[in-house]
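The values are calculated or read from the model by the stated rules, or taken from the named source; none is laboratory data. The model shown is predicted, which means the values in this text are computed figures rather than measured ones. No Cβ is skipped: glycine too gets one built from the backbone with ideal geometry, and neighbour counts run over all protein chains shown. Accessible surface is based on the protein model in full, side chains and every heavy atom, while ligands, DNA and RNA are left aside. Shrake-Rupley method; radii C 1.70, N 1.55, O 1.52, S 1.80 Å.
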Amino acid sequence: MRLRLIILVLSILAFLSASTGGYFYYDSLREAAFNEAERQTVTRIALIKKNLSSYLSENIKAVKVLAGMDEMLEMLVRPGTIAQNKANDVLDLFKASLETDVCYLMNYQGVTVASSNRNAPDSFVGKNFAFRPYFQQAIHSAPSTYLALGTTSKKRGVYYSFPIFEKGEDTPIGLVVIKGSIEEIEKKISFSEDEIVLVTDPFGVIFISSRKDWLFQTTKKLSKADESRILQSRQFGQGPWPWTGLNFSDAADAKDQEGNQYRVHRGEIDNYPGWRFIHLRNRNAISKIVSDPLTKIMGPIVLMLCLLVGMSVFILYRKASGEILQRKSAEKALRESEERYRSLYHQTPAMLHSIDRDGYLVSVSDYWAEVMGYEKKDVVGKRLTDFFTDASRKHAEQNVFPLFFKAGFCKDVPYKFVKKNGETIDVLLSAISDRKKDGQPVRSLAVSMDVTERKRAEEALNLAKEELSRYSKELESQVRERTAEISSILKYTPDVVSIKDEQGRYRLINARFETILNKMNEHVRGRTDFEILPPDIAEKIHQHDQQVLTEGRSFQVEEYLPHDDGLHAYLSVKFPVYDERGATSGVGAISTDIMEVKKAQDQLRRLSGSIMANQEKERAYIARELHDELGQVLTALRMDAVWFQERMKGADPSVTRRAQAMCKLIDKTIEEVRLMAIRLRPGVLDHLGLVDALEWYVTDFERRTDVSCVFEHSQVPKVDDNIAITAYRITQEALTNVARHAAAKHVFVTLHTNNGELILQVRDDGSGFDQTLLQDAEGLGVAFMRERAVLVGGFLEVDASPEEGATVLFKVPIKITEP
């Protein structure tokens, strides 16, 4: 009984010890399995993140190369059909080489001027993408990468932009953009069924996802303000962006609306600030992965422990069984590893092959056979060099193979492969050797990368560089020729030429200006007018320059420059100078010496004044002769006619009537002579002044022409005789033109003074006329009026248009003289 009790107690203790040990053993194995699963997940996440960062940044160098292409700069500097075609060819080449969605060129305003998708229905040409951040950063000289949904194509893409500069300049004139396809990147990254991979923006909008129904949803609930900012950015279309229902309890765990729990890992995306990479793995899947191997391992162990307690006899047998089961598990794990290796070997998009130490192919990957155009059975067992060109075969057998089998590796060896169809491709081959324990090589594992397209692009780039060098030399020659021509013009022109910056500092003067100033160009450059010219002259020139800068257009003004013989008048044409961005950067001026012309004008003006003064004297003389001589003769004749009429009154009635008619004719002639004398030189102008003279003439004009005339005047003081005569003659000429040409019904004559000026205006409501079509003969009256106005120091304006009448305005400064 005691023995049984001892055995029972020992059995119970053994069972408890075995159970406790088994539990701790299971727990340690489970912890180790979870750690291994976590390690595999971290490794998997690092691989996916690396691939994502690589794929999202793969075109950063390419877009920089594209921005440096001369065809892009040429299209922005000298746009045209030829430049656009060249730019489009380069964009097509980069698109085909890089296998991207689209490559396009934008000007400084954000408008697409060339694009590889120009012939597509969703062409970017002519579209303005200035609102995109990649444009705004690049146009401020910062290369940019950007993830967004295309506003035109409605396709997800990664945008790479790089600014384009003119040589020697640091301000961009445009930029190039390469858009890569997100769908293609997702295809390149293989996702397992038990994981969810998300890429989100700073607001949590899902842009890349292995779960397609979560695209453009959010990992958190958005506020109204966040939704508004996303909508305004147009980065992800017009919305809406619903919440996926994910709840993150902490940094490592999450739960969706269906109750599924996930293990969470996060990370930042390189080159995309604020963008996150989120990896979700289903906890049930992890538990299954962990528990299945543990069940397989612990089953035999638990059974063995039970048998040890129950049947110690079978200890050795169970131990052997356990070792057999472990061996089978190891063999199964080995087979699975081989299957994974084989799958990776054949599915990797790279040319993989193995050769033995004699150079015969042992195996090739599916991609190797596909690229070369052979079946595997047709190449395995043949020498690798049978697929080389003669030059590559010779190089491999004489140089590469001996060194490879000696060193055990080689890297980036250039070869030319010959495909089944006879086509040759350029490859870079890297390989390592598998050796025995004694160091003897058994076989190799090699990777060959097809670089045919890259070499073609390099050759095209070299050709482009040669063409650019030739074009640059031609351009430099043209620049030298144009510079020589312009220098000759500046040197030998008799005009004064200058260019100033916005602050009025001289940047350039020509040889004529140097002669006038008696200073060389380098002594004037950087100085202002106030430093080299008298203050009053400098101030006038500065005012004209400021007017050009303010209004942004050219002007023609009269200026003065000091010469050795005194001040000379110049007719200056001033115009704005623009920089490469189209902004005003200074003022240019071309000035012609008009001193001789002005002297001739002054002489002509004095001659005209003398002629007109003589005319007035002649008119006064003729008026006096008509009044004094002819008037007296006509009066005497009338007296004789009256006497004759009285004498013949009763004698002969017919003679009496004839005498009476003679009296009337003589009276009419006397009146006509009187009016003629007044019109030649009105006595009222000399005796009563300008106002009364104009009032009399307007009344007389109304009587003679039946045109309604209104004369209005203010209190006008006595003015100089020359000014009074000029105002009278201008009124006389203007009203004569109205009677001859205007067909007017009303004429308004006004005379008043304002701020020391005498102002005379004659306005009619007649047919008017087009001043540009005025014939020379018809314009003489206007010319005479202008000449009279200038001679007394005033000016005259004529404003007329067809069917709207005409207005003559005369202004002259006056000095009030005592009566």
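Per-structure values
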quantity	calculated
Equivalent ellipsoid dimensions for segment 420-494 as semi-axes, Å, which come from the Cα gyration tensor, largest first	61, 15, 6
Backbone HN-Hα couplings from phi across segment 732-740 [Karplus 6.51/-1.76/1.60, Hz, Gly and Pro as x]	4, 5, 5, 5, 4, 5, 4, 5, 7
Computed E for Glu338/Glu184 - FRET, C-beta separation, R0 41 angstrom, nearest 0.05	0.85
Kirkwood Rh and Cα Rg combined as Rg/Rh, segment 344-418	0.95
Mean separation of Cα contacts under 8 Å (6+ apart) over length of segment 421-498, as relative contact order %	21
Burial ranking of peptide ranges 173-182, 110-119, 519-528 (average Cβ count within 10 Å, highest at the top)	173-182, 110-119, 519-528
Efficiency of FRET between Gln238 and Lys50 - r from beta-carbon atoms, R0 45 angstrom, step 0.05	0.85
Loop chymotrypsin sites (Phe, Trp or Tyr not before Pro), segment 176-238, which have at most 15 other Cβ atoms in a 10 Å radius of their Cβ (DSSP)	Phe191
Distance (nanometres) between label positions extended 7 Å along Cα→Cβ at Ala350 and Phe644	13.9
Cut-off under 5 Å, modelled amide H: who pairs with Gly237 long-range	Leu149
Label zone at Asp122, where the point sits 7 Å out along the Cα-to-Cβ direction: segment 154-181 residues whose backbone N lies under 17 Å	154-160, 178-181
Nearest-0.05 FRET efficiency for Gln503 and Arg229, computed from C-beta distance (R0 51 Å)	0.75
Accessible-area order (highest first, 1.4 angstrom probe) of the listed residues Asp770, Asp434	Asp434, Asp770
Label-point separation in nm, Tyr471 to Val65, each point 7 Å along Cα→Cβ	1.8
Partners for Lys332 among lysines (Cα-Cα distance below 23 Å; same-chain residues under 8 apart left out)	Lys288, Lys296, Lys319
31 Å Cα-Cα threshold exceeded, pairs from Lys50/Lys411; Lys377/Lys436; Lys188/Lys465; Lys61/Lys500; Lys154/Lys411; Lys382/Lys411	Lys188/Lys465; Lys61/Lys500; Lys154/Lys411
Extension reserve of the Gln715-Asp378 stretch, reckoned as 0.36 nm per residue once the Cα distance is removed	109.2 nm
Cα-projected label distance for Leu215 with Glu423, points at 7 Å along beta-carbon direction, nm	3.1
Solvent accessible area, Å² - His713, 1.4 Å probe, full protein context	90
For segment 232-281 versus segment 577-598, the gap between their alpha-carbon centres in whole angstrom	63
Segment 75-141 versus segment 739-756: alpha-carbon centroid distance in Å	65
Estimated vicinal HN-Hα couplings, Hz - segment 384-397 in sequence order (Karplus 6.51, -1.76, 1.60; Gly, Pro = x)	4, 5, 5, 9, 9, 6, 4, 5, 5, 5, 5, 5, 5, 6
Burial order of peptide ranges 53-59, 127-133 (average beta-carbon count within 10 Å, highest first)	53-59, 127-133
Area of Thr483 that stays accessible when all protein chains are in place (1.4 Å probe, Å², to 10)	70
For peptides 470-482, 354-366, 657-669, sequence by mean Cβ density within 10 Å, most packed first	354-366, 657-669, 470-482
Pairwise centroid distance, computed over Cα atoms, of segment 441-504 with segment 538-556, Å	38
For Ser498, residues with placed amide H under 5 Å, excluding near neighbours	Ala589
